[in-house]
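The values are calculated or read from the model by the stated rules, or taken from the named source; none is laboratory data. Everything numeric here is computed off the predicted structure, so don't read it as measured data. All Cβ positions, glycine included, derive from the backbone under ideal geometry; neighbour counts span all protein chains shown. Remember, those area values only see protein heavy atoms, side chains included, never the ligands or the DNA or RNA. Shrake-Rupley method; radii C 1.70, N 1.55, O 1.52, S 1.80 Å.
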Amino acid sequence: MNILLTNDDGIHAPGLRALFQSLSLEHRVFIVAPESEQSAVGHAITLTDPIKVKEIYNETRFYGYAISGTPADCVKVALADLLEIKPDAVISGINLGANVGINILYSGTVSAATEAAMLGLPALAVSLNTYTNPDFTYAADFTRRLIRELASLNLAPHVCLNVNVPPLPQDRICGVVWTKQYQTGFKENFTKRLDPRGNIYYWQGGEKTHLHSDPDSDVSLLAQNMITITPIKHDLTHYQELVRLKGFCMKP
């Protein structure tokens with residue numbers, strides 16, 4: 001297969017490199033990734049600034065293209081101009097830290113995969129559930145095996161897969177589960193400070209806390225050392241509510 005790799009941690013991120021090394025064993029792999037970290041940019045795209053492109057080399061060997069924009073920009077520019085061949089799939093990751101629950105709305109990693117799905121390509125977002133001493137080896141190997149099954153999954157149009165992997169060796173993984181996105185219950189803390197000139201600024205402090213458990217969600221199952229896979233799409237319409245509201249008449 002011809003596979004496009006991108007991420008939101010930047011082109012030099014070890015998670016991207018691990019994915020490249022694993023997938024290159026079986027596929028032709030292209031990298032178009034942000035020049036610098038773009039975590040939590042969501043589905044932002046660049047409109048008011050030029051998008052700069054740099055060729056990146058590992059010693060003398062071409063590695064990929066670094067883009068000055070967002071993860072979604074990377075997918076757009078790659079498909080519009082940088083790649084001579086249309087990829088068979090797009091993989092975003094491997095992200096440092098999980099992308100589960102409401103977090104996926106903010107994730108640049110997930111948004112790159114969503115952008116690819118919007119453009120009609122099979123896509124995965126892959127994340128490793130740790131920020132400390134990450135070993136991406138198993139997550140990269142699992143992604144390579146999942147890609148082999150991608151055609152047989154027969155995904156619906158414009159659907160991508162959000163994959164989260166526990167930071168454990170294979171013999172400690174408790175299974176692979178298809179599950180839903182956790183929906184509610186985050187607590188955020190902001191630390192208020194003053195700079196030397198007396199101006200107020202804030203740091204978003206600590207990790208987000210899940211206030212309520214949902215045993216069938218990505219959050220709960222990932223915590224039980226299972227690989228979670230959630231099919232997602234960009235359509236935010238609440239169809240049941242739309243049907244109900246069509247009965248509510250308003251005058252223009």
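For the reader, a short list of remarks on this structure follows.
- Inter-residue pairs, beta-carbon under 9 Å, first in contact (Cβ under 8 Å) with a residue 40 or more places away in the chain and of a type in the set (Lys, Arg) and in segment 135-158, second assigned to a loop (DSSP other than H, G, I, E, B) and surrounded by 15 or more Cβ atoms within 10 Å (Cβ to Cβ), 6+ apart: Arg144/His27
- Those residues of segment 65-86 which are acidic (Asp, Glu) and either open to solvent by 30 Å² or more (accessible area, probe 1.4 Å) or in a loop (DSSP other than H, G, I, E, B) (or both), in sequence order: Asp81, Glu84
- Residue match in segment 41-48 (condition: farther than 18 Å from Met118 by Cβ and not small (Gly, Ala, Ser)): yes
- Within segment 81-101, residues that are in contact (Cβ under 8 Å) with a residue 60 or more places away in the chain reach partners that are open to solvent by 20 Å² or more (accessible area, probe 1.4 Å) and part of a strand (DSSP E or B) with beta carbons closer than 6 Å, at six or more positions or on different chains, in the pairs Leu83/Phe30; Ile85/Asn2; Pro87/Asn2; Asp88/Asn2.
- Complete set of residues in segment 87-101 that are aliphatic (A, V, I, L, M), outside any loop (DSSP other than H, G, I, E, B) and in contact with a Ser or Thr (Cβ under 8 Å, 6 or more places away or on another chain): Val90, Ile91, Ile94, Leu96
- Positions within segment 136-158 being surrounded by 11 or more Cβ atoms within 10 Å (Cβ to Cβ) and hydrophobic (A, V, I, L, M, F, W, C), in sequence order: Phe136, Ala139, Ala140, Phe142, Leu146, Ile147, Leu150, Ala151, Leu153, Leu155
- Residues of segment 123-135 classified as within 16 Å of the chain's Cα centre (by Cα) and open to solvent by 50 Å² or more (accessible area, probe 1.4 Å), total: 2
- Gly10 fulfils the conditions (1) touching a strand residue (DSSP E or B) at 6+ places or on another chain (Cβ under 8 Å); (2) on the phi > 0 side of the Ramachandran plot; (3) of a type outside the set (Ser, Thr, Tyr); (4) open to solvent by 50 Å² or more (accessible area, probe 1.4 Å) except for a single criterion, (4).
- Residue under evaluation Leu150, criteria (1) within 16 Å of the chain's Cα centre (by Cα); (2) closer than 25 Å to Ser24 by Cβ; (3) not charged (D, E, K, R), criterion not met: (1)
- If you go through segment 26-42 and keep only what is modelled with pLDDT of 95 or more and either open to solvent by less than 40 Å² (accessible area, probe 1.4 Å) or not acidic (Asp, Glu) (or both), you end up with His27, Arg28, Val29, Phe30, Ile31, Val32, Ala33, Pro34.
- Applying the set (1) at pLDDT 95 or above; (2) of a type in the set (A, V, I, L, M); (3) surrounded by fewer than 23 Cβ atoms within 10 Å (Cβ to Cβ) to Ile102 leaves exactly one unmet item: (1).
- Residues of segment 53-64 satisfying the condition of being open to solvent by 50 Å² or more (accessible area, probe 1.4 Å) and farther than 20 Å from Thr109 by Cα: Lys54, Glu55, Tyr57, Asn58, Glu59, Thr60, Arg61, Phe62
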